[in-house]
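J.: The structure follows.
The values are calculated or read from the model by the stated rules, or taken from the named source; none is laboratory data. Quick caveat, the model's predicted, so the values are computed rather than measured. Positions of Cβ are backbone-derived with ideal geometry, glycine not excepted, and every protein chain shown enters the neighbour counts.
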Amino acid sequence: MLLCDSAQVADGKLFVLGGGWSLTGPDPMPSAIAMKIDVGWYEADQAHHWELYLEDADGRPVMIEGPEGSQPVEVRGEFNVARPQTVPEGTPIDVALAVNIGPLPLTPGNRYAWRLTIDGNTDEQWALGFTTRPQPV
């Protein structure tokens, strides 16, 4: 996973603009998360559900006001990958995902993290931490 300014997937490849940052703001800015997932050979040909959650430094969900009131910042999706006939059995299969996010009104001078789950599973390495710059005085 990689934080970036924007990302897209074309022909199974990730195209990233302004990637690799961990400091943003203080004003709301668009951003993206580029992901390359290795799907196990025996996990292919089935639907997988992924979720990204934005948390604050204390691990609490970040809430944003929307038309239906206060909502946690979450992004969800599904992917399914077929086993290519041209690779040996047992080879992990690449899945590229790009999640573009509009400007979020985050509190300046705070630490945040995007956390990923796939099929309800997570890992400590499936997190992207970043900090918002403080407001200039």
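J.: Which of (1) loosely packed, with under 14 Cβ neighbours inside 10 Å; (2) over 18 Å from ALA7 (Cβ atoms); (3) in contact with a Phe, Trp or Tyr (Cβ under 9 Å, 6 or more places away or on another chain); (4) modelled with pLDDT of 95 or more does HIS48 not meet, given it meets every other one?
T.: (1)
J.: Do you know which of the residues in the stretch 83-137 that are under 16 Å from the mean Cα position of the chain (by Cα) and β-branched (Val, Ile, Thr) is nearest to LEU2 (Cα to Cα)?
T.: Result: VAL99.
J.: Restricting to the stretch 93-137, give me the number of residues that are touching a Leu at 6+ places or on another chain (Cβ under 8 Å) and of a type in the set (Gly, Ala, Ser).
T.: 4
J.: May I pose another question? Which one is nearest to SER22 (Cα to Cα) among residues in the stretch 101-131 that are touching a Ser or Thr at 6+ places or on another chain (Cβ under 6 Å) and not aromatic (Phe, Trp, Tyr)?
T.: Among them, the one singled out is ARG111.
J.: With respect to the numbered conditions (1) more than 24 Å from THR122 (Cα to Cα); (2) in contact with a strand residue (DSSP E or B) (Cβ under 7 Å, 6 or more places away or on another chain), which one is the sole condition not fulfilled by ASP38?
T.: (1)
J.: Filter the stretch 27-77 down to the residues that are of a type in the set (Lys, Arg) and within 14 Å of ALA113 (Cα to Cα) and list them by number.
T.: Restricting attention to the stretch 27-77, the residues satisfying the condition of being of a type in the set (Lys, Arg) are 36, 60, 76.
Residue satisfying the conditions is ARG60 alone.
J.: Can you find a residue in the stretch 19-36 that is out of contact with any Leu (no Cβ under 7 Å at 6 or more places or on another chain), surrounded by 13 or more Cβ atoms within 10 Å (Cβ to Cβ) and small (Gly, Ala, Ser)?
T.: Yes, the stretch 19-36 contains a residue that is out of contact with any Leu (no Cβ under 7 Å at 6 or more places or on another chain), surrounded by 13 or more Cβ atoms within 10 Å (Cβ to Cβ) and small (Gly, Ala, Ser).
J.: I've got another one for you. Which of the residues belonging to the stretch 57-83 are surrounded by 10 or more Cβ atoms within 10 Å (Cβ to Cβ) and assigned to a strand (DSSP E or B)?
T.: PRO61, MET63, ILE64, GLN71, PRO72, GLU74, VAL75, ARG76, GLY77, PHE79
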